[in-house]
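For reference, the structure is listed below as structure tokens.
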Amino acid sequence: MLDLLIVRAIFILVLATSAYLLHPFGSQQISAVGGLILGGGIIFFEIRLERVSLKRLIGAAAGSVMGIVGAFLMSLVLSQANAPPFLRVCLLLLMTYVGLIVGAKKGDMLNLAALGGIFGVEKSSKKTFKILDTSVIIDGRIADIAETGFLDGVLVIPQFVLRELQLVADSADSMKRNRGRRGLDILQRIQKMAHLTVQIVEEDFPHVRDVDMKLIELAKIYDCKVITNDFNLNKVAHLHGVEVLNINELANSLKPIVLPGETMRVFINKEGKEYNQGVAYLDDGTMVVVDNAKKMISKTIDIAVTSVIQTTAGKMIFGKFDERVHAAAANVEKHDRPARKSDPQPMTNLGPERTTIES
């Protein structure tokens, strides 16, 4: 680090000395100050370039070259029309600037692996790009997941997804309107997270009408993963060979593991579909179907787990309620409970009192 600072200081000193001796700005003192400022600007530009990824550098360089070539070809046409030199200079600067900025922005989407592994160091970074679906934005849980640090890299928001969100937010239906506004608030919340970068891409596919298919086509082009909670999009994307991160599958995998034979306490909400069944729900939304629990609706009971199955919608737990065990536990609790003043007291010593009355 110290060596780098020495090299930078020598570069600024040489540039200022050269400007002082050659005095390109007329006065030697003004030229020396100009050399110092120019050297400092170059060093600042070099420091900023260190933070730019290799993909952006390649994109910026390619965009600049294309801009210069385009400006040169257009200047040839303008020279035939006797255009003023100032217009040609402005055209050169404009095309170079536009090519530099656009190339740098689009450079993040470059697939360096296609160059034969020359830039293998950044090969793994392409997997850090993840496209967000409209449904997962409206759902809102993606922001909570991002805050925990399990998501990194760049979250890609296609422009057609933003348009769909805006249409939902402007809907005449109050329910849809609230969902759309919730999605826009979630995006603003994600943009404020320091460890994430939200990038809006303009690519669209006019020949494709369905938004889900547009997401799949975009993921194919840039080799990105799609984050969604849409079951149908999940299936279609897998058929097209696109990797999907489904937050519903993530939520199901994080649910507590229950083994057959274990005892758990549940609150019976409603009657089940089969005879004498009750239905309960855990805090994470897992459905619990309990046999012999129809009479225990609106009560909290202990059940024995009989089986656990995994469905496309999540896990389902089946249990059995034993009235005899419940009654025995209730009797033990009643006998162990300390006596209260409100409890009726047993009547004793009635013999002498009755004798006195009879006499």
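The values are calculated or read from the model by the stated rules, or taken from the named source; none is laboratory data. Since this is a predicted model, take the numbers as computed values, not measurements. Here Cβ is always computed from backbone atoms with ideal geometry, including for glycine, and neighbour counts include all displayed protein chains.
Here Val65 passes the criteria (1) farther than 23 Å from Met95 by Cα; (2) part of a helix (DSSP H, G or I) except the one numbered (1).
Can Ala9 be described as of a type in the set (Gly, Ala, Ser) and either surrounded by fewer than 14 Cβ atoms within 10 Å (Cβ to Cβ) or touching a residue at least 40 places away in the same chain (Cβ under 8 Å) (or both)? Yes: the conditions hold for Ala9. Within region 235-255, the set of residues being among the charged types (D, E, K, R) and more than 18 Å from Ile309 (Cβ to Cβ) comprises Lys235, Glu243. Residues in region 36-55 include at least one that is of a type in the set (A, V, I, L, M, F, W, C), at pLDDT 85 or above, farther than 15 Å from Ala104 by Cα and surrounded by 15 or more Cβ atoms within 10 Å (Cβ to Cβ).
All told, Leu250 falls short of being within 24 Å of Leu151 (Cβ to Cβ), assigned to a strand (DSSP E or B) and touching a residue at least 60 places away in the same chain (Cβ under 8 Å). For the residues Ile157, Ile142, Ile138, the requirement of being farther than 20 Å from Lys106 by Cβ, more than 10 Å from the chain's Cα centre (by Cα) and of a type in the set (Val, Ile, Thr) singles out Ile138. Residue check: is Val65 of a type in the set (A, V, I, L, M) and at pLDDT 85 or above? When the stated conditions are applied, Val65 passes them. Among the criteria (1) closer than 26 Å to Leu92 by Cα; (2) touching a residue at least 24 places away in the same chain (Cβ under 8 Å), the one Leu15 does not fulfil is (1). Of the listed requirements (1) touching a residue at least 40 places away in the same chain (Cβ under 8 Å); (2) touching a Pro at 6+ places or on another chain (Cβ under 7 Å), Ser31 misses just one: (1). Hey, could you check region 218-243 for residues that are closer than 21 Å to Ile200 by Cβ and of a type in the set (Val, Ile, Thr) and say which is modelled with the lowest pLDDT? Result: Ile221. Among the residues of region 185-209, the one identified as within 12 Å of Thr134 (Cα to Cα) and either in contact with a Gly (Cβ under 8 Å, 6 or more places away or on another chain) or acidic (Asp, Glu) (or both) is Ile186. Within region 193-212, at least one residue is closer than 30 Å to Gly103 by Cβ, among the hydroxyl-bearing types (Ser, Thr, Tyr) and not in a helix (DSSP H, G or I). Hey, could you check region 261-299 for residues that are touching a residue at least 40 places away in the same chain (Cβ under 8 Å) and either in contact with a Phe, Trp or Tyr (Cβ under 9 Å, 6 or more places away or on another chain) or in a strand (DSSP E or B) (or both) and say which is nearest to Arg141 (Cα to Cα)? For region 261-299, the residue satisfying everything is Val266.
Scanning region 165-181 for residues that are touching a residue at least 12 places away in the same chain (Cβ under 8 Å) and either surrounded by fewer than 19 Cβ atoms within 10 Å (Cβ to Cβ) or under 19 Å from Asp144 (Cα atoms) (or both) gives Gln166, Leu167, Ala169, Arg179, Gly180, Arg181.
If you go through region 143-184 and keep only what is more than 20 Å from Lys130 (Cβ to Cβ), part of a helix (DSSP H, G or I) and among the acidic types (Asp, Glu), you end up with nothing. Across region 182-217, the qualifying residues are those that are more than 25 Å from Ala146 (Cα to Cα) and loosely packed, with under 14 Cβ neighbours inside 10 Å, and the one among them that is modelled with the lowest pLDDT is Pro206. Any residue in region 231-245 that is crowded, with 16+ Cβ neighbours inside 10 Å and assigned to a loop (DSSP other than H, G, I, E, B)? Checking region 231-245: at least one residue is crowded, with 16+ Cβ neighbours inside 10 Å and assigned to a loop (DSSP other than H, G, I, E, B). Looking across Asp322, Asp230, one residue alone is of a type in the set (D, E, K, R), touching a strand residue (DSSP E or B) at 6+ places or on another chain (Cβ under 9 Å) and over 30 Å from Leu151 (Cβ atoms). It is Asp322.
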